[in-house]
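The values are calculated or read from the model by the stated rules, or taken from the named source; none is laboratory data. Given the structure is predicted, the values throughout are model-derived calculations rather than measurements. Here the Cβ positions follow ideal geometry from the backbone for every residue, glycine too, while neighbour counts run over all protein chains shown.
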Amino acid sequence: KNQVEQSPQSLIILEGKNCTLQCNYTVSPFSNLRWYKQDTGRGPVSLTIMTFSENTKSNGRYTATLDADTKQSSLHITASQLSDSASYICVVSAGSTDKLIFGTGTRLQVFP
Amino acid sequence: GAVVSQHPSWVICKSGTSVKIECRSLDFQATTMFWYRQFPKQSLMLMATSNEGSKATYEQGVEKDKFLINHASLTLSTLTVTSAHPEDSSFYICSTDRGRETQYFGPGTRLLVL
């Protein structure tokens, strides 16, 4: 069964600190993996997208990694800001149809 | 990147009424749009794929007669929740997919059925 699991479910950090969010997937065949940021009451916004051959991709303070062998991905946020408070969703695209499998997300709260 | 808008951003209606939600692709001609539903603290669930000029494709368990989708132009898809009930209260989000690039999501429409 195609699944995407994220951990932790929620995370609280202080402004300026770094954090890492985890994503494990059992999706086959794999097409690509995406990280989205979703603010409360808003639609998701794309942060990164990685194909099988890419093992790291950065977007500003966000750096995503992908280990296709272990089927794991991480999203590292550097020097967190209050505006980073949001849900972060890992999404894996499956096969030739690019069907998206969504993780349940990690709720990040950054406090001053 | 593509910009997707939704209207209305929120709506409150009485049980039994119908509600129409619009999804517009502002700078991209979208032959395909996707409709998702998201309940509190849960992830997005794909409801249906809207195809311009043809019938929508619904995911298993989604009632096509209850959730009417019309994709009459390359920039507009509509989702009509017919005879809405309180259990239909949710956050509805549309998106477009520019080929194999990342999907661009709309800002969402929050529906509350009383």
Restricting attention to segment B:93-109, does a residue exist that is more than 14 Å from every other protein chain (Cβ to nearest Cβ), of a type in the set (S, T, N, Q) and either within 24 Å of A:R34 (Cβ to Cβ) or not in a strand (DSSP E or B) (or both)? no
Suppose we filter segment B:14-45 for residues that are touching a Leu at 6+ places or on another chain (Cβ under 8 Å), modelled with pLDDT under 95 and surrounded by fewer than 18 Cβ atoms within 10 Å (Cβ to Cβ); how many remain? 2
Close pairs (9 angstrom Cβ cut-off, 6 or more residues apart or separate chains): aromatic (F, W, Y) in segment B:66-94, part of a helix (DSSP H, G or I) and surrounded by 16 or more Cβ atoms within 10 Å (Cβ to Cβ) anywhere: B:F67/B:D88
With segment B:1-82 as the region, which strands (runs of 3 or more DSSP E) entirely inside it contain at least 1 residues that are under 26 Å from A:S93 (Cα atoms)? B:4-7, B:19-25, B:32-38, B:45-51, B:67-73, B:76-81
Search segment A:28-70 for residues being within 14 Å of chain B (Cβ to nearest Cβ) and of a type in the set (A, V, I, L, M), and hand back the single one that is surrounded by the most Cβ atoms within 10 Å (Cβ to Cβ). A:L33
Residue count, segment A:9-31 (criterion: under 13 Å from A:I77 (Cβ atoms) and assigned to a loop (DSSP other than H, G, I, E, B)): 4
